[in-house]
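J.: Okay, handing you the structure first.
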């Protein structure tokens, strides 16, 4: 074999060794996704109920603070649940914030709607 061919094979083997990634644990990712959905939903609904119970229409500006608190306390909760919150991408945090905000808004709106 020529030296060029040996060098090319060695380079290809090194590249292929670097390209191998550990297998992705699909089940763990799926369970983590369910945990994200459940925690953000529960905190969104809880913050809507808190806004309904404790805020009057004159002090409704504090509702945004309750929503922000519901969003910010989620990172320690995820860490406590065994998830690596530092590895979340911007899509994960956007999803968490969106779910929390939507369920906060919907639950508070439904509670404020008068029943006839």
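Here, each number is a calculation from the coordinates, and none is a lab measurement. Small disclaimer: the values here were computed from a predicted structure and weren't measured. For neighbour counting, all protein chains shown are included, and Cβ atoms are generated from backbone atoms with ideal geometry for every residue, glycine included.
J.: Can you give me the number of residues within segment 68-88 that are more than 16 Å from residue 35 (Cβ to Cβ) and out of contact with any helix residue (DSSP H, G or I) (no Cβ under 8 Å at 6 or more places or on another chain)?
T.: The total comes to 2.
J.: Here's a check for you: in segment 32-66, which residue that is over 12 Å from the mean Cα position of the chain (by Cα) and closer than 19 Å to residue 85 by Cβ is surrounded by the most Cβ atoms within 10 Å (Cβ to Cβ)? I'd like the intermediate steps shown before the answer.
T.: Looking only at segment 32-66, we keep the residues that are over 12 Å from the mean Cα position of the chain (by Cα), and these are 42-66.
After this cut, where a residue has to be closer than 19 Å to residue 85 by Cβ as well, the list is 42-44.
Numbers: 42: 14, 43: 22, 44: 26.
Filtering first and then ranking leaves 44.
J.: Of the residues in segment 64-108, how many are in contact (Cβ under 8 Å) with a residue 12 or more places away in the chain and part of a helix (DSSP H, G or I)?
T.: Qualifying residue count for the region: 22.
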